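The values are calculated or read from the model by the stated rules, or taken from the named source; none is laboratory data. It should be emphasised that the depicted structure is a prediction, and the values quoted were computed from it without experimental measurement. Quick reminder, even Gly has a Cβ in these numbers, built from the backbone with ideal geometry, and neighbours come from all protein chains shown. Accessible surface areas use protein heavy atoms only, side chains included; no ligands, DNA or RNA. Shrake-Rupley method; radii C 1.70, N 1.55, O 1.52, S 1.80 Å.
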Amino acid sequence: MRGSHHIRAAAALSDDPHGARKRGRPPKALPPGTDLRESLVEAAAAEIREAGWFATSTSRIAQRAGLSSGVFYNYFHDKVDVLLAVYERWMLEEWTLIRQVFGDQTISPRQRIHQLVPLLIDHHATWSRLRHALIVLSRDDERVGAARMGSRTAQIDAVVELTGRRGSAKLRAAAALRLLMFEAVADSIASGDTDAMGLDRRALCNELAAALLALVDTNAKPT
């Protein structure tokens, strides 16, 4: 409804805790053919990486994209809606990275895993504020919780596919265990917790690589 659209737009203006949007300033000119939804997703991703999810607002996201606050609601229902779009992009980036490394048939599975682990940890570090928001919001927002669980199920399926073996219950459980372990350790490294505990990053990477290798290479021996 038209009225509800204006209510949401007004709420977006009051959602900016820093007063970053200057009233009366027109949005910057965008090149012809610009995908406005994509521009908003890119702006939201940049805001989340730099300021964090809880320190930004729909109006700041729109301003960064060079759009008016009202345009945001032509493409997204609310701030959580654009968060889910950014999350989808994060997952696509991660799995593109994984498939690129696993697509290199010139190196052994062991080399692929040892090459992949630090890349994934760096990816987690780059998006640490997004991941923090997902963890917090998934407890209270059904949309975020459902998206996170759906993503994890898809990840387990993809890991099983990478093993080249049938997806038995035992294999899926093993994939889930390593996925959850990797997430926890990668997030701890990204947040600096492991440094505070005096743990060596290289040693942690080697342990993660050994756990993943035992899953994808049936000839590998666990450490």
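Restricting attention to region 40-72, which residues are assigned to a helix (DSSP H, G or I), farther than 14 Å from ALA133 by Cβ and of a type outside the set (A, V, I, L, M)? Scanning region 40-72 gives GLU42, THR58, SER59, ARG60, GLN63, ARG64, SER69, GLY70, PHE72. The condition (being of a type in the set (Gly, Ala, Ser), at negative phi and within 12 Å of the chain's Cα centre (by Cα)) is satisfied by just one residue among ALA65, ALA125: ALA125. Of all the residues in region 143-169, those that are among the aliphatic types (A, V, I, L, M) and open to solvent by 40 Å² or more (accessible area, probe 1.4 Å) number 5. Of all the numbered requirements in (1) surrounded by fewer than 16 Cβ atoms within 10 Å (Cβ to Cβ); (2) of a type in the set (Asp, Glu); (3) modelled with pLDDT of 90 or more, ASP35 misses one, and that requirement is (3). Is it true that some residue in region 129-145 is hydroxyl-bearing (Ser, Thr, Tyr), in a helix (DSSP H, G or I) and under 24 Å from ARG49 (Cβ atoms)? For region 129-145, residues hydroxyl-bearing (Ser, Thr, Tyr), in a helix (DSSP H, G or I) and under 24 Å from ARG49 (Cβ atoms): absent. Only a single criterion out of (1) in a loop (DSSP other than H, G, I, E, B); (2) in contact with an Asp or Glu (Cβ under 7 Å, 6 or more places away or on another chain) is not satisfied by VAL80, namely (1). Search region 175-191 for residues being under 9 Å from ILE156 (Cα atoms) and over 15 Å from the mean Cα position of the chain (by Cα), and hand back the single one that is surrounded by the most Cβ atoms within 10 Å (Cβ to Cβ). Residue satisfying both the conditions and the ranking: ALA175.
When you look at SER151, is it at pLDDT below 90 and under 30 Å from PHE54 (Cα atoms), yes or no? It is false that SER151 is at pLDDT below 90 and under 30 Å from PHE54 (Cα atoms).
Residue count for region 92-101 satisfying the condition of being surrounded by fewer than 15 Cβ atoms within 10 Å (Cβ to Cβ) and of a type outside the set (D, E, K, R): 4. Consider region 105-118 and keep the residues that are open to solvent by less than 50 Å² (accessible area, probe 1.4 Å) and outside any helix (DSSP H, G or I). The one that is farthest from THR163 (Cα to Cα) is ILE107. Exactly one residue out of ARG172, ARG129 is in contact with a Lys or Arg (Cβ under 8 Å, 6 or more places away or on another chain), open to solvent by 30 Å² or more (accessible area, probe 1.4 Å) and at pLDDT 90 or above: that is ARG129. With the condition kept exactly as written, say whether any residue in region 201-216 is assigned to a helix (DSSP H, G or I), at pLDDT below 90 and open to solvent by 50 Å² or more (accessible area, probe 1.4 Å). Scanning region 201-216 turns up no residue that is assigned to a helix (DSSP H, G or I), at pLDDT below 90 and open to solvent by 50 Å² or more (accessible area, probe 1.4 Å).
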